[in-house]
Amino acid sequence: MTRIGIDIVEVQRIKDMVQRYGQRFLNRLFTQGEINYALSASNNLSFERLAARFAAKEALVKAVGHPLPFHSIEIDHTASGRPIVTCPLISGKIEASLSHTKKLAIACVLFEKPSVTS
């Protein structure tokens, strides 16, 4: 069974949360790898990257159909930039597409749940 999830996030919302709660906010929602990747960018791009990862995590939760701790979901990327989504709490194939501008970040996730054979 394949399920889809999509989410859109205002970059300013993530920026406001980081400025208000700082490292506590980052550590609660993102892995250290995601934080390092986002903060390696300059200016607003850091917040765009965080917003896109937040959107991807929300989209995965929608596709899976039940809550997951955001910190258990990691959004990485290949050398060519293709997103790689991993979450040890679920089994199945995950495909994602992320995009962001200065104002908005969007993510679409396909989750293919393994077939149960009896």
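Out of Leu89, Leu98, I need the residue that is closer than 24 Å to Leu110 by Cα, in contact (Cβ under 8 Å) with a residue 12 or more places away in the chain, part of a loop (DSSP other than H, G, I, E, B) and of a type in the set (A, V, I, L, M, F, W, C). Which one? First the steps, then the outcome.
On the way: Leu98 fails: part of a loop (DSSP other than H, G, I, E, B).
That would be Leu89, the only listed residue that is closer than 24 Å to Leu110 by Cα, in contact (Cβ under 8 Å) with a residue 12 or more places away in the chain, part of a loop (DSSP other than H, G, I, E, B) and of a type in the set (A, V, I, L, M, F, W, C).
Scan the stretch 90-106 residue by residue and report those that are of a type in the set (S, T, N, Q) and under 21 Å from Leu50 (Cβ atoms).
Initially, the stretch 90-106 is screened for residues of a type in the set (S, T, N, Q), giving 91, 97, 99, 101.
Result: Ser97, Ser99, Thr101.
What pairs come up if the first residue lies in the stretch 8-21 and is in contact (Cβ under 8 Å) with a residue 24 or more places away in the chain and closer than 17 Å to Leu98 by Cα, the second is assigned to a strand (DSSP E or B) and β-branched (Val, Ile, Thr), and their beta carbons are under 8 Å apart, counting only those six or more places apart or on different chains?
So the pair list comes out as Ile8/Ile106; Val9/Ile106.
Counting just the residues of the stretch 87-118 that are exposed (fewer than 11 other Cβ atoms within 10 Å of the Cβ) and small (Gly, Ala, Ser), which one comes out modelled with the highest pLDDT?
Looking at the filtered set, the residue picked out is Ser91.
In the stretch 31-75, which residue that is outside any helix (DSSP H, G or I) and touching a Leu at 6+ places or on another chain (Cβ under 7 Å) is nearest to Thr101 (Cα to Cα)?
Per the criteria, the residue is Ile73.
Tell me which residues, restricted to the stretch 76-86, are among the small types (Gly, Ala, Ser) and outside any loop (DSSP other than H, G, I, E, B). Even if it seems obvious, please write down each step before you answer.
Taking the stretch 76-86 as the starting set, the residues that turn out to be among the small types (Gly, Ala, Ser) are 79-81.
Passing the criteria: none in range.
The values are calculated or read from the model by the stated rules, or taken from the named source; none is laboratory data. A quick note: this is a predicted structure, and the numbers were derived from the prediction, not measured. Cβ: placed from backbone, ideal geometry, glycine included. Neighbour counts: every protein chain shown.
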